[in-house]
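Novice: Provided herewith is a single structure, encoded as structure tokens, for subsequent inquiry.
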Amino acid sequence: MTEPLIELKGVSISFDSNKVLDNVDLTIYRGEALGIIGPSGTGKSTILRVIAGLIAPDSGEIYVQGVRREGLIEDATDLVGIGMVFQQAALFDSLTVEENVGFSLYQYSKLRRSRIRELVNEKLEMVGLSGIGDRYPAELSGGMRKRVSFARAIMSNPDNPRDTPEVLLYDEPTAGLDPIASTVIEDLIRQLQCTQGVCSTYAIVTHQHSTIRRTADQVVFLYQGKVQWQGSVNEIDTTDHPLIRQFISGSVSGPIHVVG
């Protein structure tokens, strides 16, 4: 893992008077599974949106495969495709599963509808959901909705291979799921990376211990808008860093300020 795919250098962003990210440096290498952890409200989801090009930082620089990004993702095309899985799946309730997964192709490609349906079915099969394209999100369990959102995130246009996502960004993919459903999602994240080769690189925001340990190789800890610690997932158990020790143990005593 010597080639950086994504680099954030001195990135800061504020919402009103609240500084969410404060001079953050972050590097994601090709083939890396990066976990981003920390207390709620410390900028974890924001950093994913910055990486995805959905919001622009107030200051700092973003590089994608060594090329500096100017503006938002809609202003220029990155050299690397980036897909994102949002919290709560973020599916369109009024659209079928097929229409949700194929949304970008229906909206922006020149592919025939029959070809888009074939591509949708391929992606649904990859996430273990064959034959549900005619259902609506309300007819699915929470875990199934998450997997549909995975299928949408890895959708690509065969006429434009550059759009194929090489990097996936997962924002709390196991939040609200029971332990068994969480395991299914965790296994799928690794399967997509290692077995089916869709996205060799990903960053995942999570609070769940099982998800941290089963899906991440490297971990960064965000607190008060800064990267306070980084290391391998195995080092979580051996580090004496007080923030990590308090976070992993769930203690209310320690340097992490507990509201209320």
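All of the numbers you see were taken from the coordinates with simple rules; none came from a lab. Small disclaimer: the values here were computed from a predicted structure and weren't measured. So basically every Cβ, Gly included, is an ideal-geometry build from the backbone, and we count neighbours across all protein chains shown.
Novice: Output the peptides 122-130, 79-87 sorted from most to least packed, where packing is the average of other Cβ atoms within 10 Å over each peptide's residues. Don't skip to the end; give the middle numbers.
Specialist: On the way: 122-130: 17.4, 79-87: 19.8.
Top of the packing list down: 79-87, 122-130.
Novice: Could you name the lysines in cross-link range of K110, using Cα to Cα under 29 Å and dropping any fewer than eight places away on the same chain?
Specialist: Cross-link targets: K123, K146.
Novice: Output the 0 to 90 degree angle, nearest 10, between the alpha-carbon long axis of helix 113-126 and the longest principal axis computed from the alpha carbons of the chain.
Specialist: It is inclined by approximately 50 degrees.
Novice: Another question about this same structure. If neighbour count is taken as other Cβ atoms inside 10 Å, put T211, T2 in order from fewest to most.
Specialist: On the way: T211 25, T2 6.
Lowest to highest Cβ neighbour count: T2, T211.
Novice: Can you tell me the orientation of helix 142-153 relative to the chain, as the angle in degrees between its alpha-carbon axis and the longest Cα principal axis, to the nearest 10?
Specialist: 80 degrees
Novice: I need R68, R152 ordered by Cβ neighbour count within 10 Å, fewest first.
Specialist: Working: R68 11, R152 26.
Ordered from fewest to most neighbouring Cβ atoms within 10 Å, R68, R152 come out as R68, R152.
Novice: Amide H neighbours of Y170 under 5 Å, counting only residues 5+ apart in sequence or on other chains, H built in-plane at 1.01 Å?
Specialist: V85, A203, I204, V205
Novice: Moving to a separate point now. Sorted from fewest to most neighbouring beta carbons within 10 Å, what does the list H257, H241 look like? Working shown, then result.
Specialist: On the way: H257 8, H241 15.
Going from sparsest to densest Cβ surroundings: H257, H241.
Novice: Where does helix 179-194 land angle-wise versus the long Cα axis of the chain, in degrees 0 to 90, nearest 10?
Specialist: 80 degrees
Novice: While we're here: What is the local net charge at I236, summed over the other residues whose Cβ is closer than 15 Å to its Cβ (Lys, Arg +1; Asp, Glu -1)? Display every interim value, and only then the final one.
Specialist: Values: positive: R213, R214, R245; negative: D217, E235, D237, D240.
Overall, the nearby charge balance is -1.
Novice: Using a 10 Å cut-off on Cβ atoms, rank the peptides 59-65, 38-44 from the highest mean neighbour count down.
Specialist: Details: 59-65: 16.6, 38-44: 19.4.
Output ranking for 59-65, 38-44: 38-44, 59-65.
Novice: Which aspartates and glutamates, on any chain, are close to K9 with Cα under 16 Å apart, when same-chain ones fewer than 8 places away are left out?
Specialist: The qualifying aspartates and glutamates are D22, D25, D58, E61, E70.
Novice: With θ set to phi - 60° and the Karplus curve 6.51 cos²θ - 1.76 cosθ + 1.60, what are the ³J(HN,Hα) couplings of the range 12-25 in order, to the nearest whole Hz, using x for Gly and Pro?
Specialist: After applying 6.51 cos²θ - 1.76 cosθ + 1.60, I find 10, 8, 10, 10, 6, 9, 9, 7, 8, 10, 10, 6, 8, 10 Hz.
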